[in-house]
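What follows is calculated from the coordinates using simple rules that are stated; it is not laboratory data. Small disclaimer: the values here were computed from a predicted structure and weren't measured. Cβ: placed from backbone, ideal geometry, glycine included. Neighbour counts: every protein chain shown.
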Amino acid sequence: MINTNYNRVHMIDFKQYGDERGHLVVVEGMQDVPFEIKRIFYIYGSEKDVVRGQHANRKSQFVLINVAGTSKVGVKDGLGNEAIFVLNRPHTGIYLPNMVWKDMYDFSEDSVLLCLASEHYDDSEYIRDYNEFVKIVNEEKR
Ligand code: TYD
């Protein structure tokens, strides 16, 4: 049995409108990302050895874009599968559906990680204990 949401994780290449004045990237809800954007936040100033995220969300979907600098995103399905994605372009993001475990790490000094979310912040939909996540995923698979 598989956590099907894990298989929906993918990189997204956004169109770049570039000319001699520079670049511009547009991200529109339900067009460039597969949800309406209800919230944005960004993470910067994290040391290289810091691991952020370390949670799964019951409801929220995210798209993460390193608008400056670089970082890595580790994704786990809670059933033994995991993948690592590199965010190193301001016009490339990763789509993270709900119910996948994610770790963000290896931040460059200039990293600004923009996060687009499908939901308003609700701490109660965050699963912050990996063992609990594994348990929930295994229960749902039955
Ligand atoms: P946290 O979930 O630890 O961030 P990360 O996913 O980067 O590791 O959030 C850090 C703090 O910010 C925590 O006290 C909760 C708060 N917070 C909000 O109030 N709203 C939000 O949308 C987010 C993402 C975090």
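Evaluating Tyr44 against the criteria (1) within 11 Å of the ligand (Cβ to nearest atom); (2) crowded, with 17+ Cβ neighbours inside 10 Å leaves one unmet condition, (2). The strands (runs of 3 or more DSSP E) found wholly in the range 64-142 and carrying at least 3 residues that are within 11 Å of the ligand (Cβ to nearest atom) occupy 101-105, 112-117. Would you mind stating whether Val51 is over 28 Å from Gln31 (Cβ atoms) and touching a strand residue (DSSP E or B) at 6+ places or on another chain (Cβ under 7 Å)? Considered against the rule, which asks whether it is over 28 Å from Gln31 (Cβ atoms) and touching a strand residue (DSSP E or B) at 6+ places or on another chain (Cβ under 7 Å), Val51 comes out as yes.
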